[in-house]
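Everything on this sheet refers to the single structure shown next.
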Amino acid sequence: METINLLKERRSINFFDPDKTVPEEKINEIIEIASLAPSGLNLQPWEVIVVNDPGRKEILKKCSFDQPKVAEASATLIIIANPNAVEENIDSVLKSWVELGYINEDAVETMRNMPFKNYGDKESLSRKLFAVKNTSFFAMSLMIAAKGLGFETHPMDGFSEEKIKANFNIPEDRIIPLLITLGYPKPGLKLLPRAWRRELKSYVKYNSFS
Ligand SMILES: Cc1cc2nc3c(=O)[nH]c(=O)nc-3n(C[C@H](O)[C@H](O)[C@H](O)COP(=O)(O)O)c2cc1C
C-alpha cells in the first residue's frame with residue numbers, strides 16, 4: 001500500500017478477531033521494519049515484549065483497565081523505552097560508523113561523549129525524554145508497518161505501568177510509553193468515520209511562535 005494511503009487509512013481498531021493469529025515470523029518482520037525508525041545518534045532506545053499467549057494477554061488486560069482488545073487482539077505489544085540505551089548501544093553505533101566509513105577511528109572518543117552531553121546522566125529527565133521520544137517514532141513506524149503488511153493496530157496508554165512492570169518482570173528504570181494491540185479486525189467490523197482533527201491554522205505557525 002502506498003505510504004500516503006497507509007497514513008490515511010491507519011485507524012485505532014477497537015474490535016479484533018479473537019480467532020485469528022498473526023504468526024510470530026510476521027510480528028518479527030513488523031518489528032524489524034519498525035526498527036528502521038530514526039533515533040538520536042542511532043541509539044535505538046526501545047524494547048518490546050510481545051504478549052501473544054492467551055493467559056498472559058488476560059493478565060495484561062487486567063493491568064490495562066480491562067480493555068477487551070488487549071486480549072482479543074492476536075498480540076499486544078508492550079513498548080518499552082530504555083534510558084540506558086546510551087551506555088548499552090553507543091559502542092555498537094560507533095563501531096558500525098567506523099566500519100561503514102561514516103567517521104574515522106580518531107573521531108570515536110569525541111563521539112562517545114556526545115550522547116552524555118546531549119542526553120544527560122542515566123537518571124536525568126532529559127535521558128528519560130530521549131528514550132520516550134525515540135521509542136515513539138519506533139511505535140508509529142510499527143503501526144504503519146503492520147498496516148502495510150495487512151494487519152490492524154491500536155495504541156494505548158490506559159494501563160497501570162506499575163502493574164505491567166510487576167507482572168512482566170520489567171526493570172524499574174524502564175518506561176512504558178504505550179501498548180500496541182496487533183491483529184485482524186473482527187469480521188464485519190464497520191468503523192465510525194475518522195474523528196475530529198484540529199485545523200492546521202490552530203497549531204501551525206511559520207517562522208515564529210507569535
Ligand atoms: C499514546 C496513545 C494512547 C492511547 N490510549 C488509548 C487507550 O488506552 N484506549 C483506547 O481505547 N484508545 C487509546 N488511544 C487511541 C486514540 O483514542 C485514537 O488514536 C484517537 O482517538 C484517534 O483515532 P484514530 O487513531 O482511529 O485516528 C491512544 C492513542 C495514543 C496515540
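What residue, of ASN42, ASN52, is touching a Phe, Trp or Tyr at 6+ places or on another chain (Cβ under 9 Å) and away from the ligand (no atom under 16 Å from the Cβ)?
ASN42
Mind checking which pairs have a first residue in the stretch 52-67 that is among the hydrophobic types (A, V, I, L, M, F, W, C) and in a loop (DSSP other than H, G, I, E, B) and a second that is at pLDDT 95 or above and within 16 Å of the ligand (Cβ to nearest atom), Cβ under 7 Å, 6 or more apart or different chains?
Cβ pairs passing all conditions: PHE65/GLY158; PHE65/PHE159.
Mind checking which pairs have a first residue in the stretch 182-205 that is surrounded by 10 or more Cβ atoms within 10 Å (Cβ to Cβ) and a second that is of a type in the set (S, T, N, Q), Cβ under 6 Å, 6 or more apart or different chains?
LEU182/THR153; GLY183/SER74
Out of SER92, SER124, SER136, SER96, which single residue is in contact with a strand residue (DSSP E or B) (Cβ under 7 Å, 6 or more places away or on another chain) and surrounded by fewer than 20 Cβ atoms within 10 Å (Cβ to Cβ)?
Unique residue meeting the criteria: SER136.
Scan the stretch 145-161 residue by residue and report those that are out of contact with any strand residue (DSSP E or B) (no Cβ under 9 Å at 6 or more places or on another chain) and touching a residue at least 40 places away in the same chain (Cβ under 8 Å).
Result: ALA145, GLY148, LEU149, SER160.
Would you pick out the residues in the stretch 166-194 that are polar (S, T, N, Q) and under 19 Å from PRO68 (Cα atoms)?
ASN167, THR181
Within the stretch 164-210, can you find the residues that are within 14 Å of the ligand (Cβ to nearest atom) and part of a helix (DSSP H, G or I)?
Hit for the stretch 164-210 is ILE164, nothing else.
Residue check: is ASN113 closer than 22 Å to ALA34 by Cα and surrounded by fewer than 21 Cβ atoms within 10 Å (Cβ to Cβ)?
Judged against the criteria, ASN113 is not a match.
Are any residues in the stretch 110-165 aliphatic (A, V, I, L, M) and either touching a Gly at 6+ places or on another chain (Cβ under 6 Å) or farther than 26 Å from PRO18 by Cβ (or both), and if so, which ones?
Quick first cut of the stretch 110-165, residues aliphatic (A, V, I, L, M) only: 111, 114, 125, 129, 131-132, 139-140, 142-146, 149, 156, 164.
Result: MET111, MET114, LEU125, LEU129, ALA131, VAL132.
Do we find that ASP106 is charged (D, E, K, R), within 16 Å of the ligand (Cβ to nearest atom), surrounded by fewer than 19 Cβ atoms within 10 Å (Cβ to Cβ) and over 19 Å from the mean Cα position of the chain (by Cα) in this structure?
So ASP106 does not fit the description; no.
Does the stretch 24-40 include one or more residues that are surrounded by 18 or more Cβ atoms within 10 Å (Cβ to Cβ), part of a loop (DSSP other than H, G, I, E, B) and within 21 Å of the chain's Cα centre (by Cα)?
Narrowing the stretch 24-40 to residues surrounded by 18 or more Cβ atoms within 10 Å (Cβ to Cβ): 27, 30-31, 34, 37, 39-40.
Checking the rest, the ones that are also part of a loop (DSSP other than H, G, I, E, B) come to 37, 39.
So of that shortlist, the ones also within 21 Å of the chain's Cα centre (by Cα) come out as 37, 39.
Yes - at least one qualifying residue is present in the stretch 24-40.
The values are calculated or read from the model by the stated rules, or taken from the named source; none is laboratory data. The structure displayed is predicted, hence computed values, not measured ones. Cβ coordinates were reconstructed from backbone atoms using ideal geometry, including for glycine residues, and neighbour counts include every protein chain displayed.
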